[in-house]
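Below you'll find the structure, written out as structure tokens, and then a few comments.
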Amino acid sequence: AKTDAAVTLQSLFDMYVREVSPRKSAGKQQHDARCARMFQQYFGSDRQPLTLAKRDFDRFIDDRRSGRLLVGKRTAGVRDCMVGYDLRMLNALFNWATVAGDGRGGVLLARNPFKGFPLPKEANPSRPVATESIYKAMRHVAAKVHAQFDALLVLAHETGHRGQSL
């Protein structure tokens, strides 16, 4: 399928935030908007996505981790989980653009320029554990939340698993 060689990061983000983001939760919409600003600032609004390569990907990761790329009120770099979260959004944008029609029988992008690149992951992710007093307080109100919530709490507590891992 034929693609428009003039597509820019700005045009892709404008379409994605207008057409795809509204179907997401409020928090994800805010993340999409923040990422749109950050990636356009970092790579350039007029940058053609297919000119991005592994060196750009790696440089973004290094700059985001180190704090050379600060977003919002941050005064330091971010951990790998946040860098990965941001890059997953960019990959979602690029993947969407490979199937979104351009209105002329083609697609917006012929390929995802970052496809296959490994996303950073936390080596030792933080998994906080609730104190015994918090556990007891949650059990006290569990039935009011959902009929099966108490069973989930007991199962997680007794097995040491997180709720999402059960």
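The values are calculated or read from the model by the stated rules, or taken from the named source; none is laboratory data. Everything numeric in this text was worked out from a predicted model, so none of it was measured. All Cβ positions, glycine included, derive from the backbone under ideal geometry; neighbour counts span all protein chains shown. Protein only, heavy atoms only, side chains kept; ligands, DNA and RNA dropped before computing areas. Shrake-Rupley method; radii C 1.70, N 1.55, O 1.52, S 1.80 Å.
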When you look at residue 76, is it without any contact (Cβ under 8 Å) to a residue 60 or more places away in the chain and farther than 24 Å from residue 126 by Cα, yes or no?
no
List, please: which pairs have Cβ atoms under 7 Å, are six or more places apart or on different chains, and start with a residue in the stretch 107-136 that is closer than 25 Å to residue 6 by Cβ and end with one that is in a loop (DSSP other than H, G, I, E, B) and open to solvent by 30 Å² or more (accessible area, probe 1.4 Å)?
107/1; 107/98; 107/99; 108/4; 109/98; 111/98; 112/98; 113/53
Within the stretch 4-23, the residues that are open to solvent by 50 Å² or more (accessible area, probe 1.4 Å) and either touching a Phe, Trp or Tyr at 6+ places or on another chain (Cβ under 8 Å) or modelled with pLDDT under 95 (or both) are 4, 5, 6
Hey, residue 92 outside any loop (DSSP other than H, G, I, E, B) and in contact with a helix residue (DSSP H, G or I) (Cβ under 6 Å, 6 or more places away or on another chain) or not
no
Which one of these is open to solvent by 50 Å² or more (accessible area, probe 1.4 Å), more than 15 Å from residue 54 (Cα to Cα) and polar (S, T, N, Q): 98, 75?
75
Just the residues that are hydrophobic (A, V, I, L, M, F, W, C), surrounded by fewer than 19 Cβ atoms within 10 Å (Cβ to Cβ) and touching a residue at least 40 places away in the same chain (Cβ under 8 Å), please, taken from the stretch 30-60.
50, 53, 57
What do you reckon, is residue 124 polar (S, T, N, Q) and either closer than 20 Å to residue 53 by Cβ or open to solvent by less than 60 Å² (accessible area, probe 1.4 Å) (or both)?
no
Residue 114 fails exactly one of (1) assigned to a loop (DSSP other than H, G, I, E, B); (2) open to solvent by 60 Å² or more (accessible area, probe 1.4 Å); (3) at pLDDT 90 or above, namely (2)
Being farther than 24 Å from residue 110 by Cα and not in a helix (DSSP H, G or I) is the filter here; which residues of the stretch 17-70 pass it?
24, 25, 67, 68, 69, 70
